[in-house]
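K.L.:
Got a structure for you, written out below as structure tokens; questions coming shortly.
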Amino acid sequence: MIAATGLRWVLTLLFVVPALSAMWRTGAPGGAGGGPGAVERVAHLLHAVMALAMAATVWPWGMTLPAGPQIALFTLGAAWFAGVALARPAPASRTHALRGALPHVVMMGAMAWMAAAMVSSSSMAGHGGSHDMANMPGMDMSGGSGTVTMTLTDTGPRLTAGLLAGVLLMLALRWLARSFDAARLAEATGPRRPAAPVERDAFSLACHSA
């Protein structure tokens with residue numbers, strides 16, 4: 001939850017652009033032109049939902065969204081990415097696919113953890129499934145007008161949040177570096193051979209980084 005309106009809009013744009021890109025790729029025509037298959041479409045759809053959910057959390061009304069469906073969806077999403085990788089026919093390609101799917105598994109798992117942490121705190125506070133942020137144990141809401149902050153005060157959630165933030169930051173920087181490399185390569189060599197599913201070009205990599 002962010003109090004600064006300008007920062008809310010910046011982050012909303014940061015999440016909405018990847019969401020729109022993923023939705024466009026989900027509905028892109030297939031066929032001989034190299035359009036996405038069913039597996040790629042599901043991956044794009046999961047990324048679109050995740051980006052929209054992140055955009056919602058920037059705004060106060062996003063905290064009123066039901067947590068249960070989010071936990072179920074993103075847990076299934078993490079399992080789906082892992083399952084698709086493990087379903088590869090050959091052991092070598094399966095290992096490579098699982099390594100490539102791991103960042104997506106981590107992102108989906110982080111989304112599920114975030115929703116679960118919120119609903120767990122609100123339940124302990126005796127508010128059922130609602131997200132009454134000011135009354136959550138382990139949460140500290142403080143600050144004046146325009147500077148309200150939300151802080152995790154319990155050790156477990158703080159360590160988990162810090163670990164996830166660090167891992168996701170490293171993944172974002174890695175994707176961003178790959179995006180720059182792909183853009184330079186495309187500019188130098190023109191059309192390239194098709195890249196791995198879900199990561200076909202520099203813009204797609206930049207969306208993952210966002």
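K.L.:
Quickly run through segment 69-79 and pick out the residues that are at pLDDT 95 or above, open to solvent by 50 Å² or more (accessible area, probe 1.4 Å) and of a type outside the set (A, V, I, L, M).
P.N.:
Thr75
K.L.:
Continuing with the same structure: If you check Thr12, Thr95, which single one turns out to be surrounded by fewer than 18 Cβ atoms within 10 Å (Cβ to Cβ), in a helix (DSSP H, G or I), polar (S, T, N, Q) and in contact with a helix residue (DSSP H, G or I) (Cβ under 7 Å, 6 or more places away or on another chain)?
P.N.:
Within the list Thr12, Thr95, the selection yields Thr12.
K.L.:
Can you tell me which of Arg25, Arg88 is basic (Lys, Arg) and either crowded, with 19+ Cβ neighbours inside 10 Å or in contact with a Cys (Cβ under 7 Å, 6 or more places away or on another chain) (or both)?
P.N.:
Exactly one residue qualifies, and that residue is Arg25.
K.L.:
Looking at Ala177, Ala183, Ala188, Ala202 in this structure, which one is modelled with pLDDT under 90, loosely packed, with under 14 Cβ neighbours inside 10 Å and out of contact with any Phe, Trp or Tyr (no Cβ under 7 Å at 6 or more places or on another chain)? Even if it seems obvious, please write down each step before you answer.
P.N.:
Numbers: Ala177 fails: modelled with pLDDT under 90; Ala183 fails: loosely packed, with under 14 Cβ neighbours inside 10 Å; Ala202 fails: loosely packed, with under 14 Cβ neighbours inside 10 Å.
Exactly one of Ala177, Ala183, Ala188, Ala202 is modelled with pLDDT under 90, loosely packed, with under 14 Cβ neighbours inside 10 Å and out of contact with any Phe, Trp or Tyr (no Cβ under 7 Å at 6 or more places or on another chain), namely Ala188.
The values are calculated or read from the model by the stated rules, or taken from the named source; none is laboratory data. Computed from a predicted model, the values in this text were never measured in an experiment. Virtual Cβ from ideal backbone geometry, glycine too; neighbours counted across all protein chains shown. Remember, those area values only see protein heavy atoms, side chains included, never the ligands or the DNA or RNA. Shrake-Rupley method; radii C 1.70, N 1.55, O 1.52, S 1.80 Å.
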